[in-house]
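The block underneath contains the structure these notes are about, expressed in structure tokens.
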Amino acid sequence: MPTLAIRNVMLLDGTGDTARAGSSVHVTDGRIGWVGDASAEPQDVTVDRVIDGTGRTLLPGFIDSHVHLCADPERPGRYDPLRVSTERLAMEVLSHAQDALRAGVTTLADCGGRDYVTLDVRDAILAGSVLGPRIMTTGLGISITGGHFHWYSIEADDVAELRKATRTLVKRGVDFIKLFGTGGGSTMGSNPALAQYTVEEFRTVIEEAERGGIRVTTHVHGTPGIRNAVEAGIHRLEHVQFFDAEGDIRFDAELARQILDAGIPISLGMAKRWRTEQAIEGFLTPRQLQQRDLRDKRIQVLRNFREAGVKLVASTDAGMTMTPFDDLPYLMSFLTSEISMTIPEVVHSVTGRAATALGIDADHGTIEVGKLADLVLADGDVSAGLDPLFGELDVFRAGRRLVHRGRLTGPATRHATNATDREAP
Ligand SMILES: [Zn+2]
């Protein structure tokens, strides 16, 4: 079993602990074999390859737990799913996934797309046919007839239809279920403020998913939908804006307390537009001004959640509303400045905490002995500021360097048996 040693790095291990300078890590057989102070490196291990990490920071591979790989980040609003063939779309999905990989994202959770294209790309990456991050996917979402994201969903309107839809997705081999619990901004005619499903209907989906050994997450903007999902015992929540009936944002402290007590993680699914409106101040339409007001209120909601101790998971909603797939480090930076997350905390939110939220923490999320060596190596000291994450990264998945200095290393294919690891000096 060849061993790679990455020596003398600044280590942010994804547990939320503060960074440790002068650390070293051994990677054997794709997993973390040892981690500790460089001076205590075991001498009885034969090291085959060494990367000198002096002046660099080592972090766990990032997890973006809310993206839409089938959607086109260059196009505002609703994506036209009939624009390209399914075959072409598969290539777009792969290209989007590789954009995320270059930004340090080694695991993506796809929250709804067309047909089952994301499953095929997931499987091709796993088989080693093409190079990309690990993909977990819902395949299609579940929504009401004409409801939010219906063009990327199975439409289901009552308990029997929800049971059928969930069983269909489990049968198809999806990794989790994404239920659209309220309407959303990108679907004309859907209502973000109101619940799309009752408590009983949420419960049906959760029961059927659990039977299939997978979890359920739900898109929820409006407070009634959040309440139904929480009461039904949802595993994860997306967005959680607290829209009231008038479309205004009103923090519900009691419901936040229930989310905290139940330990339900909130994946932010926070598209780029929540960050950028300030940049065009002075050129805003009344509609945009109202949106800006909503954005300020949403940020206050996030501050309230953080102060209460709710488990926030930074995720981008990439693909939607002009959000590119390499957006996660930008969102991390935004959260440190706007809601005062510390650097170890924001790293934890996209690594250890995200892995727990997705149920993959046995193998992923932190740099600890036994876990898969999904790693990011950045030039500079990330513990002093996130800027190094915007540079050219090295990215490893299960111990293999897939990105070197910001470039995909290839060849990915399992057929290229003569391909040696393209190690630069
Ligand atoms: Zn989304």
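The values are calculated or read from the model by the stated rules, or taken from the named source; none is laboratory data. What you see is a predicted model, and the numbers here were worked out from it, not measured in a lab. Glycine gets a Cβ as well: all are built from the backbone with ideal geometry, and neighbour counts include every protein chain shown. Just the protein is used for accessible areas: all its heavy atoms, side chains included, with ligands, DNA and RNA removed. Shrake-Rupley method; radii C 1.70, N 1.55, O 1.52, S 1.80 Å.
A few notes on this one:
- Proximity of backbone amide H atoms, modeled 1.01 Å from N, is registered between Ile51 and Ala5, Ile6, Arg7 at under 5 Å, excluding neighbours fewer than 5 places apart on the same chain.
- Counting Lys and Arg as +1 and Asp and Glu as -1 over every other residue whose Cβ lies under 14 Å from the Cβ of Thr316, the net charge comes to -4.
- Charge-dipole axis of the stretch 62-326 as Lys and Arg at +1 and Asp and Glu at -1 on Cβ define it, positive-most pick from Gln258, Gly309, Pro192: Gly309
- In terms of its C-alpha gyration tensor, the stretch 1-65 has an oblate overall shape, because the principal axis ratio a/c (a ≥ b ≥ c, square roots of the eigenvalues) is not below 1.5 and a/b does not outweigh b/c.
- Rounded tilt (10° steps) of 253-262 against the dominant C-alpha axis of the chain: 50 degrees
- Axis of helix 286-308 versus longest Cα principal axis of the chain: the two differ by about 60°, to the nearest ten degrees.
- In order along the stretch 193-199, phi translates into HN-Hα couplings of 7, 9, 6, 8, 9, 7, 4 Hz, rounded to whole numbers, per the Karplus curve 6.51 cos²θ - 1.76 cosθ + 1.60 with θ = phi - 60° and x for Gly and Pro.
- Helix-only [θ]222 nm of the chain, DSSP H runs n ≥ 4, -39500 (n - 2.57) each, per residue, nearest 500: -9000 deg cm²/dmol
- Per residue solvent-accessible surface (Å²) - the chain, probe of 1.4 Å: 40 Å²
- Summing charges over all other residues whose Cβ lies under 10 Å from the Cβ of Glu238, with Lys and Arg as +1 and Asp and Glu as -1, gives +1.
- The residues neighbouring Tyr197, those whose beta-carbon lies less than 10 Å from its own, together hold a net charge of -3 under the Lys/Arg +1, Asp/Glu -1 convention.
- Against the chain, whose longest principal axis is taken from its Cα atoms, helix 86-102 shows a tilt of about 60°.
- Phi-based couplings in Hz for the stretch 212-222 (Karplus 6.51, -1.76, 1.60; Gly and Pro marked x): x, x, 10, 9, 10, 10, 9, 6, 9, 9, x
- Amide H contacts of Ala318: His68, each under 5 Å away and 5 or more positions distant or on a separate chain (H built 1.01 Å from N in the peptide plane; Pro and chain starts excluded).
- The chain: antiparallel DSSP beta bridges as a percent of all, rounded to 5: 45 percent
- Computed on the stretch 62-326, with alpha-carbon pairs under 8 angstrom and 6+ residues apart, the relative contact order is 20 percent.
- Of the peptides 46-52, 290-296, the order by per-residue mean of other Cβ atoms within 10 Å, starting with the highest, comes out as 290-296, 46-52.
- For the chain, carbon and sulfur atoms together expose 49% of the accessible surface, with a 1.4 angstrom probe and every protein chain in place.
- The amide H of Val403, built 1.01 Å from its N in the peptide plane, has Val395, Thr409 as neighbours under 5 Å, considering only residues 5 or more places off or on other chains.
- The phi-based Karplus calculation (6.51 cos²θ - 1.76 cosθ + 1.60; θ = phi - 60°) puts the 3J(HN,Hα) values of the stretch 339-352 at 10, 6, 5, 6, 5, x, 5, 6, 5, 4, 5, 10, 10, x Hz, whole numbers, x for Gly and Pro.
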